[in-house]
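The structure appears below as structure tokens.
The values are calculated or read from the model by the stated rules, or taken from the named source; none is laboratory data. Not measured: the values here are computed from a predicted model. Positions of Cβ are generated from backbone atoms using ideal geometry, with glycine treated the same way; all protein chains shown enter the neighbour counts.
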Amino acid sequence: MSSVLLVLFPISLLLLILVAIRKSAYFQGTPFSIKSLQLAFIVKVISGLILISIYTYYYQDRSSADVFKYFDDGKILYQSTKVHPSDFVKIMIGQDTPELSNNHLSKMSYWYRSFDHGLRNDNRIVIKLNALLCWITGGNYFVHALIFCLLSFIGLLELSKLFFKISGSKIISFFAAFLVPSTLFWTSGILKEALLIFAIGVFCSSIFHLVQKFKVAYLFCLLFALYLLLSVKIYVLFALLPAAILWYTVSKTKHLKWRIISIFIFPLLVIILPYFFFPQFNFLSLLIGKQHDFINLANTFHAGSTITMKPLDGSIWSLIAALPQSLFYVISMPWPTQIKGLIYALPFLENLLVFALLGLLLFYRKKLNLPQNHFVWFGVLFTIILFSIIGLTTPVIGAIVRYKVPSMPFLFFILLLSIDFSKISKLNQNSKILKWINTYL
């Protein structure tokens with residue numbers, strides 16, 4: 001591909017996306033102005049360029065950089081099977097025979113994982129998507145990056161519409177969906193997080209619409225999102241399902257007994273019942289195995305931001321005993337002494353903002369209506385379960401920062417929704433500015 005086409009192709013696609021945002025009924029049917037959505041996408045693209053630059057000029061080992069490795073493996077798969085389209089189809093539908101492995105799959109660096117405890121290999125869906133896109137793009141990295149940006153943008157747009165329906169505030173909804181630093185940064189590249197936030201946005205939007213009214217289209221979208229979550233990050237699905245069941249149940253019934261069942265029993269059933277039907281999916285066993293895999297992986301590649309983690313011993317009590325420290329680490333890290341460059345500085349500042357909002361919440365708590373309370377329960381349960389899984393299995397600070405990304409829009413939205421900003425005098429003095437922002441959005 002010529003250098004001119006290499007540049008013109010992504011620029012043309014970017015302009016086409018901006019025009020689509022202006023003309024498409026999908027984007028016009030949101031509570032936000034077209035200009036604000038175009039701006040949000042441009043900011044996302046800029047974040048993606050910063051992400052690429054960091055992994056190009058600061059972390060210069062391309063072979064181990066997540067932002068490149070899935071694309072590189074996808075391109076290898078595309079080139080290897082270009083003269084064997086039937087092999088490409090077989091790999092796409094999940095076949096992994098010795099012949100396919102020898103001829104194609106073994107050429108890639110991340111198709112097979114060094115440590116694997118039986119969970120679905122979530123590298124493959126990202127590699128497959130890149131290989132599939134190569135048939136259209138010819139392997140133009142920046143076009144792939146734009147497509148991943150667009151997918152994550154759609155997921156965040158679905159969350160922003162949901163947040164607005166819950167809160168009625170465009171400012172809170174726009175910030176929580178599009179401007180949370182870690183989410184903006186890590187979902188703007190060719191990474192699992194981009195697909196993940198797309199799936200979460202579709203999942204949550206489908207649940208909300210199904211609560212309002214059952215339609216086959218919403219159910220189809222929900223099943224599609226479930227498949228993506230199962231393929232991209234199954235542990236996020238483990239965190240999301242109990243919270244979603246709680247949200248759906250308390251929203252659909254006014255009977256106290258069913259709410260009690262949903263709060264205390266349904267989440268347990270999601271974790272415990274699969275063990276009786278699928279013993280290989282024992283949640284505790286998978287959690288322990290994932291922790292051991294991650295510790296081994298960190299030691300093998302000499303990760304520079306590891307933290308001391310006591311291995312789980314197989315008993316439920318060791319898990320319970322480890323939870324408080326694990327949650328504290330996920331909520332508070334990185335600490336000032338652990339900052340090693342911009343990638344650590346931004347999440348540190350983000351954590352400070354979270355703690356500042358928690359402080360405001362203590363003094364300026366707002367009374368929420370019933371649908372808002374239901375959603376807060378959903379967001380809090382999802383965040384706690386996800387943070388617990390991350391804290392129990394992840395001994396690397398850089399990974400902790402990334403793995404928190406799916407919950408950060410919900411965390412910020414819940415905090416901003418629950419604070420009564422009208423009681424803060426300084427904010428009242430700037431109400432004209434807020435009105436102008438609200439009008440622009």
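Go through the stretch 320-352 residue by residue and tally those that are loosely packed, with under 14 Cβ neighbours inside 10 Å, in contact (Cβ under 8 Å) with a residue 12 or more places away in the chain and either over 20 Å from residue 306 (Cβ atoms) or among the aliphatic types (A, V, I, L, M) (or both).
2
Quick one: is residue 422 free of Cβ contacts under 8 Å to residues at least 60 places away in the same chain, of a type in the set (S, T, N, Q) and closer than 30 Å to residue 54 by Cα?
So residue 422 does not fit the description; no.
Looking only at the stretch 60-75, filter to residues that are free of Cβ contacts under 8 Å to residues at least 40 places away in the same chain and more than 18 Å from residue 186 (Cβ to Cβ); which one of those is surrounded by the most Cβ atoms within 10 Å (Cβ to Cβ)?
Filtering the stretch 60-75 for residues free of Cβ contacts under 8 Å to residues at least 40 places away in the same chain gives 60-62, 65, 72.
Now drop any that are not more than 18 Å from residue 186 (Cβ to Cβ), which leaves 60-62, 72.
Values: 60: 8, 61: 8, 62: 12, 72: 20.
In this case the residue turns out to be 72.
Kindly provide the set of residues from the stretch 227-254 that are surrounded by fewer than 22 Cβ atoms within 10 Å (Cβ to Cβ), in contact (Cβ under 8 Å) with a residue 24 or more places away in the chain, within 15 Å of the chain's Cα centre (by Cα) and over 16 Å from residue 385 (Cβ atoms), ordered by number.
Correct list: 228, 230, 231.
Give the number of residues within the stretch 292-318 that are buried (at least 18 other Cβ atoms within 10 Å of the Cβ), of a type in the set (A, V, I, L, M), in a helix (DSSP H, G or I) and modelled with pLDDT of 70 or more.
1
Only one of (1) buried (at least 21 other Cβ atoms within 10 Å of the Cβ); (2) farther than 16 Å from residue 126 by Cα is not met by residue 197, so which one is it?
So residue 197 meets the others, but not (2).
Does the stretch 379-403 hold any residues that are within 13 Å of the chain's Cα centre (by Cα), surrounded by fewer than 23 Cβ atoms within 10 Å (Cβ to Cβ) and farther than 22 Å from residue 342 by Cβ, and which are they?
Once the filter is applied, which keeps residues that are within 13 Å of the chain's Cα centre (by Cα), surrounded by fewer than 23 Cβ atoms within 10 Å (Cβ to Cβ) and farther than 22 Å from residue 342 by Cβ, the stretch 379-403 yields only 383.
Looking only at the stretch 29-56, which residues are part of a helix (DSSP H, G or I), free of Cβ contacts under 8 Å to residues at least 60 places away in the same chain and farther than 18 Å from residue 191 by Cβ?
Residues satisfying the conditions are 34, 38, 39, 42.
Looking at the stretch 192-213 only, could you name the residues that are without any contact (Cβ under 8 Å) to a residue 12 or more places away in the chain and part of a helix (DSSP H, G or I)?
209, 212
State whether one or more residues within the stretch 107-130 are without any contact (Cβ under 8 Å) to a residue 40 or more places away in the chain, in contact with a helix residue (DSSP H, G or I) (Cβ under 6 Å, 6 or more places away or on another chain) and part of a helix (DSSP H, G or I).
Checked against the condition, which is being without any contact (Cβ under 8 Å) to a residue 40 or more places away in the chain, in contact with a helix residue (DSSP H, G or I) (Cβ under 6 Å, 6 or more places away or on another chain) and part of a helix (DSSP H, G or I), the stretch 107-130 yields at least one hit.
Considering only the stretch 339-358, state which residues are part of a loop (DSSP other than H, G, I, E, B) and more than 19 Å from residue 52 (Cβ to Cβ).
Listed by number, the residues that qualify are 339, 340.
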